[in-house]
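Heads up: the structure comes next, in structure tokens.
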Amino acid sequence: MNTKLVQIDENNIDQTSITEAGKVLKSGGLVAFPTETVYGLGGDALQKESSRKIYAAKGRPSDNPLIVHICRWEDIGQIARNIPEFAKKLADAFWPGPLTMILEKTDDVPRETTGGLDTVAVRMPNNKIALALIGAAGGYIAAPSANTSGKPSPTRAEHVVEDMQGRIEMIIDGGPVGIGLESTIIDLTSATPVVLRPGYITREMLEQALGCPVDVDKTILDGNSKQAPKAPGMKYRHYAPKGDLTIVDGKATDVVEMIRKMSAERMAAGERVGIICTDETRGMYNAHCIMSVGARKDEAAIARHLFAILRQFDEEQVTVIYSEAFSDRGLGQAIMNRLLKAAGHHVLYTDKQEGM
Ligand code: AMP
Ligand code: MG
């Protein structure tokens, strides 16, 4: 298939391209497009054939449901029912924005879109290109992240081209995304709301908007949990670079010391070593590929850069990667959740170095 690549400026949207992309979606084709979180791989959410094509293009297991993107609150009634008051409160506080709500689905939403579930994930993205496209496509775009299943989510159009060239009808290049991690997912189908995937909207922000406690799915940070995560997608290994990634946690100076020592050993053994560090520590390492996520205090920058760095390591063909650990509070919870998944939960603690 010939994939058409079009550039659209978010601040000066070319309506002709949007109309063309909308037609592709309405006729059952796939279009990748930017959102504020990551690039999405869109198909018409109400056509089961489109959802099937999305799974095929990504190589995604078909029990892993898709998020349906809308551009107007009023449209939610066609895809969700028994909508609790919480949903409107959260929409008022965070939409358009990086929050996905799980609600009961209507019969209009095919099970192909929801991975066989009776619930549907809904989000209104905060990107003008995405919102215009959803409108042009008839109001409902099913869109998972536009990466091959298992790879880091795309944060630039080049990443989408790498993964989707020849597999879909069109890719819209709207420049690099602003947030860089996928949306927070909150389940609103039971009495107490539950965060199923951490993201830019933190539990604290949700509790404040709702005025009540919010639970967090226990499997999120616990790699050893035997329970199945409630968001089916969270059970799969994700975001994985080809190199073998290990996170090193502990006191900052000890972390640097331990990574320096292990990198030297692995390089001496002929491995190509990559390191994920911060601006404060980048000068302290010696390796084939040293990538800073930004200043340690700037969590938004860490979120924005993480996936592109993981992809860069593949390009540099590193075989071993060490990453400094980051704070797991606030936005850090989402960052560490993705990093832990990328590392298959492989963490070394500097204070347990003895006897390892
Ligand atoms: P992606 O669009 O690639 O960010 O993946 C969508 C995520 O939303 C996956 O982790 C899914 O498992 C999750 N998800 C989508 N729909 C539902 C649902 N109805 N219930 C629980 N999780 C869902
Ligand atoms: Mg994804």
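In table form, for the structure just shown:
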{"item": "Among the residues listed as 105, 23, the single one being touching a strand residue (DSSP E or B) at 6+ places or on another chain (Cβ under 9 Å) and of a type in the set (D, E, K, R)", "result": "105"}
{"item": "Set 201, 220: member being buried (at least 18 other Cβ atoms within 10 Å of the Cβ), out of contact with any His (no Cβ under 7 Å at 6 or more places or on another chain), in contact (Cβ under 8 Å) with a residue 60 or more places away in the chain and closer than 23 Å to residue 116 by Cβ", "result": "220"}
{"item": "Filter result for residue 134 (over 21 Å from residue 228 (Cα atoms), open to solvent by less than 10 Å² (accessible area, probe 1.4 Å) and more than 12 Å from ligand 2 (Cβ to nearest atom))", "result": "yes"}
{"item": "Residue in region 49-84 that is nearest to ligand 1 (Cβ to nearest atom), counting only those that are open to solvent by less than 60 Å² (accessible area, probe 1.4 Å), of a type in the set (Gly, Ala, Ser) and more than 24 Å from residue 230 (Cβ to Cβ)", "result": "57"}
{"item": "Selection within region 284-308 - assigned to a helix (DSSP H, G or I) and over 18 Å from residue 254 (Cα atoms)", "result": "299, 300, 301, 302, 303, 304, 305, 306, 307, 308"}
{"item": "Residue check, residue 91 of a type in the set (Gly, Ala, Ser), within 15 Å of ligand 2 (Cβ to nearest atom) and in contact with a strand residue (DSSP E or B) (Cβ under 9 Å, 6 or more places away or on another chain)", "result": "no"}
{"item": "Enumeration of residues in region 211-226 that are modelled with pLDDT of 75 or more and either of a type in the set (S, T, N, Q) or within 15 Å of ligand 2 (Cβ to nearest atom) (or both)", "result": "219"}
{"item": "Residue 310 vs. criteria touching a residue at least 24 places away in the same chain (Cβ under 8 Å) and out of contact with any His (no Cβ under 9 Å at 6 or more places or on another chain)", "result": "yes"}
{"item": "Residue within region 217-238 that is among the aliphatic types (A, V, I, L, M), more than 16 Å from ligand 1 (Cβ to nearest atom) and in a helix (DSSP H, G or I) present", "result": "no"}
{"item": "Residue in region 130-139 that is in contact with a Ser or Thr (Cβ under 7 Å, 6 or more places away or on another chain) and in a helix (DSSP H, G or I) present", "result": "yes"}
{"item": "Residue check for residue 265: under 21 Å from residue 156 (Cα atoms), of a type outside the set (Gly, Ala, Ser), without any contact (Cβ under 8 Å) to a residue 40 or more places away in the chain and open to solvent by 10 Å² or more (accessible area, probe 1.4 Å)", "result": "no"}
{"item": "Residue satisfying condition, being more than 16 Å from ligand 2 (Cβ to nearest atom), in a strand (DSSP E or B) and under 25 Å from residue 28 (Cα atoms), within set 195, 122, 161", "result": "122"}
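The values are calculated or read from the model by the stated rules, or taken from the named source; none is laboratory data. What you are looking at is a predicted structure, and each value in this text was computed from that prediction instead of being measured. All Cβ positions, even for glycine, are placed from backbone atoms using ideal geometry, and neighbour counts span all protein chains on display. Note: accessible area is taken over every heavy atom of the protein model, side chains too, but ligands, DNA and RNA are not part of it. Shrake-Rupley method; radii C 1.70, N 1.55, O 1.52, S 1.80 Å.
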